[in-house]
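Structure record follows, encoded as C-alpha cells.
The values are calculated or read from the model by the stated rules, or taken from the named source; none is laboratory data. This is a predicted model, so every value here is computed, not measured. Don't worry about glycine lacking a Cβ; one is built from the backbone with ideal geometry, like all the others, and counts go over all protein chains shown.
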Amino acid sequence: MSLAEKTEALSSAKTALQGTKACERLSKLFDDGVFTELDAFVKSKDGYAEVMTAHGSIDGLGVYAFAQSTDAAGGAMSEAQAAKIKKVYDLALKTGEPVVAVYDSIGGRLDEGTRLLAAYGDVLKYANNLSGVVPQIAVVLGNCFGTQALIAAGADVIVLSEKAAFSLDTAGTNASAKENAEKGIAHLVVKDDDEALAQTRKLVSMLPANNLSTACIAYDSISAQQDVNDAMTASQAAFAVVDEDSLMELQAAYAPEVKTALATVNGTTVGIIALDGKVLNGHACGKAARFIRFCDAFSMPVLTFVNAEKFGCLRGAAKLTSAYAEATTAKITVITGDAYGAVYIAAAGTGAAADMTYAWVGASISALAPEAAAVMTWGDDFGGKLKGSQNPQQDKAALIADFKAAELTAMKAAENGYV
C-alpha cells in the first residue's frame, strides 16, 4: 500500500469515527466540542471498538470521558471496549482528573463467553479503585442493563435522560428513569441528551478535580438568591442562602423529607442538606449519609439545616450519625425549627463534630421532645395544672407549648454553649 493509499485509509477511518453518536455526545460534553480521542483505531471483532474514549476540558478543567457507540455492534461490551475504558480510569488516577462515563449499550458480546465476564470484572475493579479519588459521573442516555448498570451505579452522581432504561435486571424490568429516581438510584433525571450533557458540564465545573484539590471558586456568581426569614422551612432556607443559579438538587424524588444539593455559597462549592421532616426514616438517613460521605471524600464543606424531631429507624440513625461524626470536612449546622435528642446530637451537636452551630431565634432545642420534657419537669399530672380542666387535652397542649416557648429555646441552648 502506497503512502497516498495509507493516508486515504486513515482519513476514511477518522471520518467514520467522527460520524458516530458517541463522537457527537463527546463533542457536546467538552469545551467548544474539542477533545483528543484515545486509542481511536482499536479494533473489536468486526470493526472498531464499541466505545470512544477521550480527554478534553470542561470549563478549563481536564476531564477524561468515554461514550459507548451504538453505531458499533450496538455499543456491546467486549474485551476491546473494556481495555479502552480501563485505560481511561488508569490515566484519570495518574493525573487526578474526573471521569465522565456515557452509557448506551445493548449489552455484551456473548460470543466472547467467559472472556466477557473477565472484561466486565476488570472495568468494575478499575472503577471502584478510583472511587473517592476523582469524581465519577455516569450519564445514561439509552439502555444500560446488567453488569454495566452495576458499574454505572457506583458513580458519585448518576444522570439519566427520560428515555434511559437502567436496571440490574437484563430483562429491563423496573428500568425507567422515573422508577430509578423514586428509588434514589438516579441523582438527576433530565429531558434529553443535550440537557443531560449540559447538567454534567455544570456538575464537573462545581466539583474538585480530585480528593487533594479544592473546587474552583465561581467569582462571577456570588449573590444570595433571596433573603431568609423565619417563615421558611429548613429546605427553603437552605436553598435561599446559596448563590443565584448555582443550586443543583440531587435525588429530589427520593426521601423528600431530606433535601441534598450541590451549590455555591460566596462562590465556593458546598454540600447542602436540609433535614425537614418530623420523623427521619431509614431512607432519609441513608440519603443524607451517602451525600455527606461524598462531600467529605472531596473536602467540600457541608451546610446542614435542621428542623426534625426524631429518627424513625435505628439503623438509619446510626448510619447518619456515623457519617457526620467521621466527616473531616468543614461542617456548619443551622437549626431553623426543632432539634431534639438524637437528631440534635447527630446533626448539630458534638456528636456531629459540627464546627459551628447556629439557631434561629424561634428554634426549639432539647434533650427530649417537649411533652416528655414537660412531664419530666412537672410530673404526669403536670403539677396539678390540669386539675379541674374542662378541656384537658387542649389545656395540656397549651401547657406544653408554653413550656416549649419558655424552656426549650435557642437562647437557653446558647447559654449552655450548645449553639
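For (1) at pLDDT 95 or above; (2) small (G, A, S), each residue gets a yes or a no:
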position	(1), (2)
V140	yes, no
A153	yes, yes
L160	yes, no
A171	no, yes
N174	no, no
N180	yes, no
D192	yes, no
T200	yes, no
Problem - Selection count where residues are out of contact with any strand residue (DSSP E or B) (no Cβ under 6 Å at 6 or more places or on another chain) and exposed (fewer than 15 other Cβ atoms within 10 Å of the Cβ), scope segment 183-194 - result: 3
Problem - Filter result (in contact (Cβ under 8 Å) with a residue 60 or more places away in the chain and more than 15 Å from C23 (Cβ to Cβ)) within segment 64-100 - result: M77, G96, E97, P98
Practice task
Sort through L250, L275 and tell me the only one that's touching a Leu at 6+ places or on another chain (Cβ under 8 Å) and modelled with pLDDT of 90 or more.
Solution key: L250
Completion exercise
Per the list (1) buried (at least 17 other Cβ atoms within 10 Å of the Cβ); (2) under 21 Å from T200 (Cα atoms); (3) in contact with a helix residue (DSSP H, G or I) (Cβ under 8 Å, 6 or more places away or on another chain), residue check on N307 breaks on (2)
Problem - Which numbered condition A231 fails, given (1) modelled with pLDDT under 95; (2) buried (at least 16 other Cβ atoms within 10 Å of the Cβ) - result: (2)
Exercise for the section: For segment 246-275, name all the residues that are under 18 Å from the mean Cα position of the chain (by Cα) and of a type outside the set (A, V, I, L, M). Expected result: S246, E249, Q251, Y254, P256, E257, K259, T260, T264, T268, T269, G271
Exercise for the section: Test G362 against the stated conditions and say whether it is at pLDDT below 95, more than 26 Å from D402 (Cα to Cα) and of a type outside the set (K, R). Expected result: no
Fill in the blank from the handout: Considering residues that are buried (at least 21 other Cβ atoms within 10 Å of the Cβ) and modelled with pLDDT of 95 or more, the number found within segment 31-51 is 1
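Condition check ((1) modelled with pLDDT under 90; (2) in the same structural domain as L280 (by TED's automatic domain parsing); (3) among the acidic types (D, E); (4) buried (at least 21 other Cβ atoms within 10 Å of the Cβ)) across all residues:
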site: K319; (1), (2), (3), (4): no, yes, no, no
site: A323; (1), (2), (3), (4): no, yes, no, yes
site: G341; (1), (2), (3), (4): yes, yes, no, no
site: K396; (1), (2), (3), (4): yes, no, no, no
site: A405; (1), (2), (3), (4): yes, no, no, no
Completion exercise
The condition from (1) hydrophobic (A, V, I, L, M, F, W, C); (2) surrounded by fewer than 19 Cβ atoms within 10 Å (Cβ to Cβ); (3) touching a residue at least 40 places away in the same chain (Cβ under 8 Å) that L124 misses is numbered (3)
Fill in the blank from the handout: For segment 142-164, the count of residues that are surrounded by fewer than 20 Cβ atoms within 10 Å (Cβ to Cβ) and small (G, A, S) equals 3
Exercise for the section: Answer yes or no as to whether T200 is of a type in the set (S, T, Y) and surrounded by fewer than 19 Cβ atoms within 10 Å (Cβ to Cβ). Expected result: no
